[in-house]
1. Those residues that are modelled with pLDDT of 85 or more and within 14 Å of the ligand (Cβ to nearest atom), I need them from segment 186-228; list them, please.
2. Could you tell me whether any residue of segment 132-142 is within 16 Å of the ligand (Cβ to nearest atom) and not in a loop (DSSP other than H, G, I, E, B)?
3. If I ask for residues that are out of contact with any strand residue (DSSP E or B) (no Cβ under 7 Å at 6 or more places or on another chain) and closer than 15 Å to residue 13 by Cβ, which ones from segment 81-97 would you list?
4. Residue 46: out of contact with any strand residue (DSSP E or B) (no Cβ under 7 Å at 6 or more places or on another chain), free of Cβ contacts under 8 Å to residues at least 60 places away in the same chain and away from the ligand (no atom under 16 Å from the Cβ), yes or no?
5. Collect the residues in segment 44-68 that are assigned to a helix (DSSP H, G or I) and over 18 Å from residue 106 (Cβ atoms), keeping them in residue-number order.
6. Is it the case that segment 94-113 has a residue that's more than 15 Å from the ligand (Cβ to nearest atom), buried (at least 20 other Cβ atoms within 10 Å of the Cβ) and over 28 Å from the mean Cα position of the chain (by Cα)?
Ligand SMILES: [Mn+2]
């Protein structure tokens, strides 16, 4: 008999408020409502199936101390699983931990309350669970910080890569001990909140609090495991396409920020028996994010070009942003009020003009750090790329040659000893 599992992760309830607006009826930020809707859809599915077990891969909230109304929104969804008598494992992610001390502060509440069927995974250990379709073993591997496995003197003077190596050395035997204690006849799942070295990154690389570490995929590819349920990476992916076992990030259930614009959000339904597994990704209907980028610096009618780009986009209900590049002389040609009007059908939007300035000009590839050019070659390359300096370029080169040859003394009021380039022109640099 296979055990049916719903695996979801990275809820981040209470984040992304800047992308929402106040719902006048409920008094809540619309992005909180979006996130709750996504969570409710997952729980609805778990109950409708019904599944035998729900695995949450960690990161319930943006931090360990969410405001009570956010916590309540989370609790009132998960409570439905307790009511439906569906066993649930809540794993502790990096966002659920206090930066000081140990344990998943925001989730330990559920253990303290002894919610029937709920387990909080805040340590590396194995749980034996009874489900409607038989027993299953779940190894919980919460987000590990340096301080969980190493003392300060041990890490002193080590590079981050060396610390990472040391952590893996410490973790391996502990995980090995858990694996050896497993009942070989029971279906087995590892539930981990971790960064795996093969994962493609999303927003979490910007969100990570503190320095986590990266585990090699090989550590998770164990024949004793039937399914590896991960959390932390927001982009859905299976790191082991041969599925022996599947190593799956379901990803976040809603877009935390614009870096997740192009990602499909969802959860995973899996059926796990000893030595046998099937799974499917179930997409959620989430609010679209939309970025419009354009460069109007060469347009004679920049306003018209921007409005045309907005008109082409499907803004309806989207969290939108428009980023347009222009020259400072064009600023007067932009009617910002009209842009606001054109964007009004979006759920929310931001307008970001970017001025093309000399400081922001693209770097010259030949001058990147990897190339070694002598100073004169470098200056020649630079001047070739700066049209506005063309009429003084030869003077500047000559001055540079003179300076490099050490033939002149450059003193504070050295104009009179400087033979070629007048100081005023040099200041243009
Ligand atoms: Mn995380």
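The values are calculated or read from the model by the stated rules, or taken from the named source; none is laboratory data. This is a predicted model, so every value here is computed, not measured. Cβ sites come from the backbone with ideal geometry, for glycine too, and all protein chains shown count toward neighbours.
1. As a first pass, look at segment 186-228 and keep what is modelled with pLDDT of 85 or more: 186-196, 214-228.
Matches in segment 186-228: 191, 192, 193, 194, 195, 196, 214, 215.
2. Of all residues in segment 132-142, those within 16 Å of the ligand (Cβ to nearest atom) come to 140-142.
Filter once more, keeping what is not in a loop (DSSP other than H, G, I, E, B): 140-141.
Looking for residues that are within 16 Å of the ligand (Cβ to nearest atom) and not in a loop (DSSP other than H, G, I, E, B), one finds at least one in segment 132-142, hence yes.
3. Across segment 81-97, the qualifying residue is only 95.
4. Criteria not met by residue 46.
5. Of segment 44-68, the ones assigned to a helix (DSSP H, G or I) are 44-48, 68.
Once the filter is applied, which keeps residues that are assigned to a helix (DSSP H, G or I) and over 18 Å from residue 106 (Cβ atoms), segment 44-68 yields 44, 45, 46, 47, 48.
6. The answer is no; no qualifying residue exists.
Condition check ((1) in a loop (DSSP other than H, G, I, E, B); (2) assigned by TED's automatic domain parsing to the domain that holds residue 188; (3) on the phi < 0 side of the Ramachandran plot) across all residues:
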site	(1), (2), (3)
228	no, yes, yes
279	no, yes, yes
297	yes, no, yes
303	no, no, yes
